[in-house]
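The values are calculated or read from the model by the stated rules, or taken from the named source; none is laboratory data. No experiment lies behind these values; they were computed from the predicted model shown. Cβ placement follows ideal geometry from the backbone for every residue including glycine, while neighbour counts extend to all protein chains displayed.
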Amino acid sequence: MSDQTEQPQGDVEDDAYVLGPKAVAAILYAVDIEDQAKLTELMEPLHAADIADLLEQINAFDRSRLIRLYDREFDGEILTELDEGLREEVIAVLEPQVLTQAVRDMDSDDVVDLVEDLQDDQQEVILDALEDVDRAAVQQALGYPEYSAGRLMQREVVMAPEHWTVGEAIDRLRATPEAELPDQFYHIVIVDPRLHPVGNVTLGKLMRSRRETPLADLLEETFQIIPATQDESDVAYAFNQYHLISAPVVNEDGRLIGVITIDDAMAVLDEEHEEDILRLAGVGEGSLSDRVIDTTKQRLPWLAVNLVTAIAASLVIAQFEAALAQIVALAVLMPIVASMGGNAGTQSLTVAVRAIATKDLTGANVWRVIRREVLVGLINGLIFAVVMGIVGVVWFGLPALGYVIAAAMIINLVVAGLAGTVIPVILERIGIDPALASGAFVTTVTDVVGFFAFLGLAAMVLL
């Protein structure tokens with residue numbers, strides 16, 4: 001934030017970083033009366049991320065008017081903060097000269113992030129706005145696989161040969177034109193004569209060391225080299241696991257070609273977490289700005305899968321039609337068993353999917369985790385078996401019914417713990433995203449087992 005005292009605040013003190021309705025209303029009023037000076041005054045204190053939030057919150061008509069009135073001040077960083085679904089719309093509204101200036105002020109990694117999801121015609125618009133050298137760098141980055149380190153890295157790198165001293169490095173940094181340096185950097189990458197990275201020197205160590213100190217004496221203990229083809233999820237894991245601030249990226253020959261910084265790695269980690277949450281709910285990778293038809297297409301397949309699993313569970317129920325006709329209490333209590341199993345399975349599933357994503361669940365500890373989840377299911381099953389056994393006796397006056405629902409509860413919660421852990425592990429082993437597919441399978445297992453155990457035991461014991 002440029003100035004916290006000028007930042008428009010929300011109506012609630014807890015929402016200090018939320019653009020409040022009063023601020024949004026004031027901005028839209030300035031747009032309505034076409035007061036560019038007032039609009040600039042209101043927008044100037046806002047961070048690019050807040051302006052992106054504003055553009056996402058308002059409707060398409062107001063968004064277009066605001067951009068046309070404010071475009072002279074448009075910051076390229078706003079485009080990188082925007083939801084992917086809105087970028088094309090905003091780019092189409094911007095005047096060419098404004099877009100050119102906005103793009104030229106961006107680091108290469110931000111330009112790559114911006115253009116990789118655009119249509120070909122809009123990609124050309126962005127690339128044409130770049131200088132020839134920058135255009136070539138972005139096109140080279142786009143040549144790397146999607147979701148790879150080569151797409152994530154920025155090509156602006158501060159490097160120094162290993163034989164330099166602190167004084168030589170500082171003098172070279174001061175003599176380098178500002179436009180050739182990254183907007184932000186945390187390390188100087190030390191390279192050998194073949195441009196192979198051999199270590200990092202933090203700016204803190206550089207500034208507090210004497211000028212005659214060799215850079216080789218200041219190398220960081222933790223140093224990771226990232227291949228350009230490495231998956232970005234593995235890059236984010238390395239940053240999180242080893243507490244990295246930045247890491248050099250190398251090509252197939254081991255030569256330094258770029259650097260990844262912690263902000264980009266953490267953005268990937270955040271996206272991975274968000275995708276897992278959305279996929280567990282069966283809603284794909286949608287956002288609030290998606291069109292109705294796009295959102296429908298994303299959700300329809302998984303609703304269809306759920307319909308198939310529901311039919312499978314119904315087929316199990318149909319096998320015990322006679323028991324249900326004779327004992328109405330079974331129909332009353334039956335959903336409880338399935339619901340408890342479904343919730344328990346979802347709990348185990350969520351833990352397992354998260355552990356797989358963070359590489360905490362591996363072949364070395366998978367059986368211990370499975371055993372733990374089964375035991376948790378057993379203990380919870382015993383507790384709720386007592387509760388439901390009492391409910392069955394008190395409610396319907398049938399001790400045998402209490403025993404049946406108690407036994408079914410134990411069976412289904414144990415199976416839920418087992419399925420919630422084993423299914424995502426199996427899916428991950430065969431190359432299927434466990435966050436995307438596990439939920440439907442676990443729900444099917446707990447429903448089928450719950451209904452079969454409860455109705456099957458009831459048929460044997462009560463009839």
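When you go through 390, 405, 411 one by one, which is the residue that is under 23 Å from residue 311 (Cβ atoms), in contact (Cβ under 8 Å) with a residue 12 or more places away in the chain and assigned to a helix (DSSP H, G or I)?
After applying the criteria, what remains is 411.
Pairs, please: C-beta under 9 Å, at least 6 apart or cross-chain, first residue of a type in the set (A, V, I, L, M, F, W, C) and in region 162-178, second surrounded by fewer than 15 Cβ atoms within 10 Å (Cβ to Cβ) and assigned to a helix (DSSP H, G or I)?
Close Cβ pairs satisfying both conditions: 164/172; 166/207; 170/207.
Which of (1) in contact with a strand residue (DSSP E or B) (Cβ under 9 Å, 6 or more places away or on another chain); (2) in contact (Cβ under 8 Å) with a residue 60 or more places away in the chain; (3) over 14 Å from residue 154 (Cβ atoms) does residue 233 not meet, given it meets every other one?
(1)
Can you tell which of 90, 31 is modelled with pLDDT under 90 and touching a Lys or Arg at 6+ places or on another chain (Cβ under 9 Å)?
90
So which of 321, 285 ends up being at pLDDT below 80 and either assigned by TED's automatic domain parsing to the domain that holds residue 56 or within 20 Å of residue 146 (Cα to Cα) (or both)?
That would be 285, the only listed residue that is at pLDDT below 80 and either assigned by TED's automatic domain parsing to the domain that holds residue 56 or within 20 Å of residue 146 (Cα to Cα) (or both).
Loosely packed, with under 12 Cβ neighbours inside 10 Å and at pLDDT 80 or above: is that true of residue 333 in this structure?
So residue 333 does not fit the description; no.
I'm checking my understanding of the structure. Among residues of region 383-397 that are touching a Gly at 6+ places or on another chain (Cβ under 7 Å) and buried (at least 18 other Cβ atoms within 10 Å of the Cβ), which one is modelled with the highest pLDDT?
Checking each candidate, the answer is 389.
Out of curiosity, is residue 176 among the polar types (S, T, N, Q), more than 27 Å from the chain's Cα centre (by Cα) and surrounded by 14 or more Cβ atoms within 10 Å (Cβ to Cβ)?
Considered against the rule, which asks whether it is among the polar types (S, T, N, Q), more than 27 Å from the chain's Cα centre (by Cα) and surrounded by 14 or more Cβ atoms within 10 Å (Cβ to Cβ), residue 176 comes out as no.
Within region 246-261, track down each residue that is within 19 Å of residue 219 (Cβ to Cβ) and in contact with a strand residue (DSSP E or B) (Cβ under 7 Å, 6 or more places away or on another chain).
Passing the criteria: 246, 247, 248, 249, 250, 256, 259, 260, 261.
Do any residues in region 20-35 that are on the phi > 0 side of the Ramachandran plot have Cβ atoms under 8 Å from those of residues that are among the hydrophobic types (A, V, I, L, M, F, W, C) and crowded, with 16+ Cβ neighbours inside 10 Å, where the two are at least six apart or on different chains, and which pairs are they?
Hits for this filter: 34/69.
Is there any pair linking a residue in region 130-156 that is at positive phi to one that is part of a helix (DSSP H, G or I) and modelled with pLDDT of 85 or more, with Cβ under 7 Å and at least six apart or on different chains, and which?
147/232
Residue check, residue 117 against (1) modelled with pLDDT under 80; (2) within 27 Å of the chain's Cα centre (by Cα); (3) more than 16 Å from residue 84 (Cβ to Cβ); (4) not aromatic (Phe, Trp, Tyr), all met but one. Which one?
Against the list (1) modelled with pLDDT under 80; (2) within 27 Å of the chain's Cα centre (by Cα); (3) more than 16 Å from residue 84 (Cβ to Cβ); (4) not aromatic (Phe, Trp, Tyr), residue 117 comes up short only on (3).
Taking the condition of being over 12 Å from residue 90 (Cα atoms) and basic (Lys, Arg), how many residues in region 30-70 meet it?
1
Only residues that are out of contact with any helix residue (DSSP H, G or I) (no Cβ under 6 Å at 6 or more places or on another chain), over 12 Å from residue 88 (Cβ atoms) and crowded, with 18+ Cβ neighbours inside 10 Å: list them for region 115-139, please.
Within region 115-139, 130, 134 meet the criteria.
Going through region 358-382 one residue at a time, which ones are in contact (Cβ under 8 Å) with a residue 40 or more places away in the chain and not in a helix (DSSP H, G or I)?
Those that are in contact (Cβ under 8 Å) with a residue 40 or more places away in the chain and not in a helix (DSSP H, G or I): 358, 359, 361.
Go through 355, 385, 304, 325 for me and flag whichever is part of a helix (DSSP H, G or I) and in contact (Cβ under 8 Å) with a residue 24 or more places away in the chain.
Exactly one residue qualifies, and that residue is 385.
Going through region 219-249 one residue at a time, which ones are outside any loop (DSSP other than H, G, I, E, B) and surrounded by fewer than 21 Cβ atoms within 10 Å (Cβ to Cβ)?
Hits for region 219-249 are 227, 231, 233, 234, 237, 238, 240, 241, 242.
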